[in-house]
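Read the structure below first, then the notes.
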Amino acid sequence: MINNYLEKIRESSFLITGGAGFIGSHIVDYLIKIGAKRVRVLDNLSTGLEKNLKDYFQFSNFEFINGDILNIDACTEACKGIDYVSHQAALGSVPRSINDPITTNNVNIGGFLNMIVAARDSNIKRFVYAASSSTYGDSLVLPKIEDRIGKPLSPYAVTKYVNELYADVFSKIYGLETIGLRYFNVFGPRQRSDGPYAAVIPLFFESFYKKTPPIIYGDGEQTRDFTFVFNVVEANILAMLNSNSLVINQIFNIAAGERTSLNSLATQISRLTNNENILPIYKNSRVGDVRDSLADISKAKNILEYIPKFTLREGLEIMNNSFGIDNKEFIF
């Protein structure tokens with residue numbers, strides 16, 4: 001379905017905030033390779049890496065702005081001449097938000113507000129933003145359906161829910177077209193394994209490659225809907241360009257629609273890396289972690305025309321083949 005929008009991509013200009021980061025850089029990859037008219041990145045490189053974009057600095061249709069979404073002037077400048085915004089810039093990690101709620105709030109709420117104001121003032125055609133499955137909070141209902149959420153379990157979850165509220169208000173009051181994509185445990189190449197807030201899949205890969213036991217917090221039977229990054233890229237492209245009026249001012253679950261326990265995940269990665277003899281170490285559960293997560297993706301399928309092409313297994317195989325390597329050869 002994404003191929004239906006190739007001509008539109010080649011006629012349009014895109015701003016990817018956080019474009020040097022894990023998800024953002026993959027969106028940039030796709031747009032550049034398809035031949036977008038212009039691709040601009042706004043990133044302060046606090047968590048993103050310039051090397052993720054190093055192949056594109058020589059391209060005439062690529063522009064990098066080293067700027068911060070906490071600076072409204074930088075946001076305004078970045079939106080000039082842009083048709084579509086994919087807002088990926090944020091401070092992720094539930095544990096990070098628990099350790100430092102003020103910074104998480106400032107970036108994820110203050111920065112979001114700066115960007116959506118700049119988008120409004122620049123007459124952006126559509127503002128697509130990274131929402132989060134953390135918004136479902138303490139809701140025990142499975143699968144997760146967009147209009148049934150619980151109370152947030154972390155400062156991070158609060159910030160992502162506030163993003164949705166602001167987007168809804170800006171859509172209704174100012175007429176700005178907004179779409180929120182609730183990501184479920186995204187993984188893939190370039191996802192960082194360093195630092196205290198690294199995600200579970202790159203951490204597992206790194207542990208097995210180093211022949212050390214991976215750490216699991218809790219009993220390992222907690223489940224997640226692991227979503228390969230190329231599926232998320234496609235969702236962003238569809239959200240920016242889909243002409244169906246029903247997509248406007250909506251929230252969509254972006255996931256695989258399947259859940260996997262951390263114990264099963266560890267087993268799969270141990271087999272891929274030929275380290276089945278290395279067993280996990282279990283530690284106490286972490287505050288703020290959701291027990292089970294599984295997305296109902298029927299709304300995204302029916303309205304956004306999102307169909308995940310990559311399974312968990314396929315994504316893990318790609319990661320295993322590319323772990324620790326700068327690669328840009330993949331495209332769907």
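The values are calculated or read from the model by the stated rules, or taken from the named source; none is laboratory data. Worth saying up front: this structure is predicted, and the values here are computed from it rather than measured. A quick note on method: Cβ atoms are made from the backbone with ideal geometry, for glycine too, and the neighbour counts reach across all protein chains shown.
Looking for something buried (at least 19 other Cβ atoms within 10 Å of the Cβ), of a type in the set (D, E, K, R), over 23 Å from residue 22 (Cβ atoms) and modelled with pLDDT of 95 or more - is there at least one such residue anywhere in the range 132-146?
Yes, there is a match, as at least one residue in the range 132-146 is buried (at least 19 other Cβ atoms within 10 Å of the Cβ), of a type in the set (D, E, K, R), over 23 Å from residue 22 (Cβ atoms) and modelled with pLDDT of 95 or more.
Quick one: what pairs do we get from the range 66-86, first residue part of a loop (DSSP other than H, G, I, E, B), second among the acidic types (Asp, Glu), C-beta under 8 Å, 6+ apart or different chains?
67/43; 67/77
Does residue 15 qualify as being part of a strand (DSSP E or B) and under 20 Å from the mean Cα position of the chain (by Cα)?
Details: part of a strand (DSSP E or B): yes; under 20 Å from the mean Cα position of the chain (by Cα): yes.
So residue 15 passes the test.
Would you please list the contacts, defined by Cβ atoms under 7 Å and residues six or more apart or on different chains, that run from a residue in the range 1-27 that is crowded, with 17+ Cβ neighbours inside 10 Å and among the β-branched types (Val, Ile, Thr) to a residue that is assigned to a helix (DSSP H, G or I) and at pLDDT below 95?
If the second residue must be assigned to a helix (DSSP H, G or I) and at pLDDT below 95, the pairs left are 9/34.
Scanning the range 194-231 for residues that are at negative phi, at pLDDT below 90 and not hydrophobic (A, V, I, L, M, F, W, C), which turns out surrounded by the most Cβ atoms within 10 Å (Cβ to Cβ)? Give the steps one after another, and end with the answer.
Of all residues in the range 194-231, those at negative phi come to 194, 196-210, 212-217, 219, 221-231.
Adding the requirement that they be at pLDDT below 90 leaves 194, 196-199.
Next cut, not hydrophobic (A, V, I, L, M, F, W, C) only: 194, 196-197.
Working: 194: 9, 196: 8, 197: 15.
Residue satisfying both the conditions and the ranking: 197.
Checking the conditions here, which among 48, 19, 35 is at positive phi, touching a helix residue (DSSP H, G or I) at 6+ places or on another chain (Cβ under 8 Å) and not acidic (Asp, Glu)? Full working, then the answer.
Values: 48 fails: at positive phi; 19 fails: at positive phi.
Step by step, each of 48, 19, 35 is checked, and only 35 is at positive phi, touching a helix residue (DSSP H, G or I) at 6+ places or on another chain (Cβ under 8 Å) and not acidic (Asp, Glu).
Taking the residues in the range 232-255 that are buried (at least 22 other Cβ atoms within 10 Å of the Cβ) and among the small types (Gly, Ala, Ser) as candidates, determine which candidate is farthest from residue 31 (Cα to Cα).
255
For the range 96-128, name all the residues that are buried (at least 19 other Cβ atoms within 10 Å of the Cβ), among the small types (Gly, Ala, Ser), under 21 Å from residue 171 (Cβ atoms) and in contact with a Leu (Cβ under 8 Å, 6 or more places away or on another chain).
111, 119
Suppose the filter is touching a Leu at 6+ places or on another chain (Cβ under 9 Å), modelled with pLDDT under 95 and among the polar types (S, T, N, Q); does residue 93 pass it? Even if it seems obvious, please write down each step before you answer.
Details: touching a Leu at 6+ places or on another chain (Cβ under 9 Å): no; modelled with pLDDT under 95: yes; among the polar types (S, T, N, Q): yes.
For residue 93, the condition - touching a Leu at 6+ places or on another chain (Cβ under 9 Å), modelled with pLDDT under 95 and among the polar types (S, T, N, Q) - is not met.
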